[in-house]
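Everything on this sheet refers to the single structure shown next.
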Amino acid sequence: MKIICVIPARAESTRFFEKPLALICNKPMIQWVYEHCKEVEIFSEVYIATDSEKIKEAAEKFGASVIMTRSDHDTATERLYEVSTKIEADLYVMVNGDEPLLTRDSIVQCIPEGLKADDFFVSNLMTDFTNPVEVVDVTNLKIVTAADDRCLFISRSPIPFPKGAMDYVFHKFVGVGAFTRKALDYYHNTPRGPIEKIEENDSFRFIENHMPIYYYNCHCKSLSVDTRKDIEGVEAYLKAQNNK
């Protein structure tokens, strides 16, 4: 099975312009992500997919392979679909360019054993919330799964609501996903549903249509960068790790 990794990176973020190029410990954030992805042995290739010439130039300086994509994509998954029309593979693993702390051991957990190239398969990663404040923060997606890891619902609201008990560990989204070509074709050819529109989460492209999507708990440290202030937290964590 040929597995490639794609890191979507766009410059035109309304909250954080040219976010992939933001420096973290004097290295562009996208480089941190790329280097972790290159450590995954089962990836045949690792690409940065962008619509920005500036990001392309920066990525090529540190040796990355770059695929230029259209600038009108509404979601990272649509950008991934475009890559799938240009690069042949059996499985496409998408690692968000704003997850600089994700390591090789966490990334590979989105790929289950026994997966076949002609399967319809979609997965993502999640991890445990450790700070109660993050659970009520609407910028963090909360994930609810069944016993077999199939996703039941995703929301920016704290779900499930702790009415009957408080001894529950909430789970948050981690920016890694895996898609077979069949799943990407389905995504591209299926219109957005009402829940996807209101939650602004394209996992509902599958959930609303009763197509299985799995979320695996990687029990990892995840600090996604949404604003410039988030960089402070990432740098503090990296410096603490280096001082151990």
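The values are calculated or read from the model by the stated rules, or taken from the named source; none is laboratory data. Keep in mind that this is a model prediction, so the values were computed, not measured. Backbone-built Cβ (ideal geometry, glycine too); neighbour counts: all protein chains shown. SASA here: full protein model, heavy atoms, side chains in, ligands and nucleic acids out. Shrake-Rupley method; radii C 1.70, N 1.55, O 1.52, S 1.80 Å.
Among the residues of the stretch 157-170, is any within 15 Å of the chain's Cα centre (by Cα) and within 30 Å of ASP119 (Cβ to Cβ)?
No, every residue in the stretch 157-170 fails to be within 15 Å of the chain's Cα centre (by Cα) and within 30 Å of ASP119 (Cβ to Cβ).
Name the residues in the stretch 1-49 that are farther than 24 Å from LEU238 by Cβ and at pLDDT 90 or above, would you?
MET1, LYS2, ILE3, ILE4, VAL6, ILE42, SER44, GLU45, TYR47, ALA49
Would you pick out the residues in the stretch 172-230 that are under 30 Å from ASP118 (Cβ atoms), of a type in the set (D, E, K, R) and open to solvent by 20 Å² or more (accessible area, probe 1.4 Å)?
Within the stretch 172-230, ARG181, LYS182, ASP185, ARG192, ASP202, GLU208 meet the criteria.
Any residue at all in the stretch 63-70 that's open to solvent by 30 Å² or more (accessible area, probe 1.4 Å) and under 15 Å from PRO100 (Cα atoms)?
No, the stretch 63-70 contains no residue that is open to solvent by 30 Å² or more (accessible area, probe 1.4 Å) and under 15 Å from PRO100 (Cα atoms).
Which members of the stretch 137-171 meet the condition of being of a type in the set (Lys, Arg), open to solvent by 30 Å² or more (accessible area, probe 1.4 Å) and touching a Lys or Arg at 6+ places or on another chain (Cβ under 8 Å)?
ARG156
Those residues that are in a loop (DSSP other than H, G, I, E, B), in contact with a strand residue (DSSP E or B) (Cβ under 9 Å, 6 or more places away or on another chain) and under 21 Å from VAL83 (Cα atoms), I need them from the stretch 198-212; list them, please.
Within the stretch 198-212, ASN201, SER203 qualify.
Just one of (1) in contact with a strand residue (DSSP E or B) (Cβ under 9 Å, 6 or more places away or on another chain); (2) more than 26 Å from ILE42 (Cα to Cα); (3) modelled with pLDDT of 95 or more; (4) surrounded by fewer than 17 Cβ atoms within 10 Å (Cβ to Cβ) trips up GLU134, so point out which.
In the conditions (1) in contact with a strand residue (DSSP E or B) (Cβ under 9 Å, 6 or more places away or on another chain); (2) more than 26 Å from ILE42 (Cα to Cα); (3) modelled with pLDDT of 95 or more; (4) surrounded by fewer than 17 Cβ atoms within 10 Å (Cβ to Cβ), GLU134 misses (3) alone.
May I ask you to list the residues in the stretch 213-244 that are touching a strand residue (DSSP E or B) at 6+ places or on another chain (Cβ under 7 Å) and over 28 Å from ALA178 (Cβ atoms)?
Result: GLU235, single match.
Determine the pairs where a residue that is part of a helix (DSSP H, G or I) and modelled with pLDDT of 80 or more, located within the stretch 226-243, has a partner that is among the charged types (D, E, K, R) and open to solvent by 50 Å² or more (accessible area, probe 1.4 Å) with Cβ atoms under 8 Å apart, the partner being 6 or more residues away or on another chain.
Hits for this filter: TYR237/LYS221.
Filtering the stretch 34-62 down to residues that are without any contact (Cβ under 8 Å) to a residue 40 or more places away in the chain and under 18 Å from the mean Cα position of the chain (by Cα), which residue is least open to solvent (accessible area, probe 1.4 Å)?
TYR34
Of the numbered conditions (1) at pLDDT 95 or above; (2) more than 21 Å from LEU223 (Cβ to Cβ), HIS73 fails exactly one; give the number of that condition.
That leaves (1) as the condition not met.
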